[in-house]
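Read the structure below first, then the notes.
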Amino acid sequence: MPAECLRELEQADLILHAGDFVEASVLQELRSFAPVEAVYGNMDEPELARLLSERRVVEVGGARIGMVHVPGPSEGRAERLAEQFPGCDAIVYGHTHAPEATRYGSTWILNPGSPTERRRAPGHSMLVLEVEEGRVEPKLVDLP
């Protein structure tokens, strides 16, 4: 992982991971920084699929955050995610490796990108969320 990513993880109170750890050892490594809430991804080894859910909602700082790896087709994605996770202040998804921090009504639709595997994204990235009294403020962190 890039040094800037590790610095952010060292400051984290909680890590949200939207899948594609690939190996269970990565989950264990992240847990050495902070508690981890996660869903499994399509590239994860079977052990992770047994340990983690496909979808989940976590509550942190008075906010509800939905999590899923595969968000489905890009057309209608925000609306579909908001319907799948009613009452959530933010929804974090993975799979595309393309960073996103947009609003759909009052809900944040978030994809951190990836610190290690950019695929078609313009670069490596992660998101840092400030959550307080039910308010979610995302900050996209571009990584070298």
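Throughout, read-outs are computed from the coordinates displayed, never taken from laboratory work. These numbers were taken from a predicted model, which means no experiment stands behind them. Glycine gets a Cβ as well: all are built from the backbone with ideal geometry, and neighbour counts include every protein chain shown.
Numbers for the structure displayed
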item	result
Pairs with Cβ under 6 Å, 6+ apart, first in segment 76-98 and more than 14 Å from Arg55 (Cα to Cα), second among the β-branched types (Val, Ile, Thr)	Ala78/Ile109; Asp89/Val136
Every pair of residues 6+ apart whose Cβ atoms lie under 6 Å, when the first sits in segment 120-144 and is in contact (Cβ under 8 Å) with a residue 24 or more places away in the chain while the second is loosely packed, with under 12 Cβ neighbours inside 10 Å	Val128/Lys139
Only one of Arg118, Arg80, Arg103 that is basic (Lys, Arg) and assigned to a strand (DSSP E or B)	Arg103
Hey, Asp89 surrounded by 19 or more Cβ atoms within 10 Å (Cβ to Cβ) and of a type in the set (Asp, Glu) or not	yes
Criterion (among the acidic types (Asp, Glu) and either under 14 Å from the mean Cα position of the chain (by Cα) or surrounded by 14 or more Cβ atoms within 10 Å (Cβ to Cβ) (or both)) met by exactly one of Glu54, Glu79	Glu54
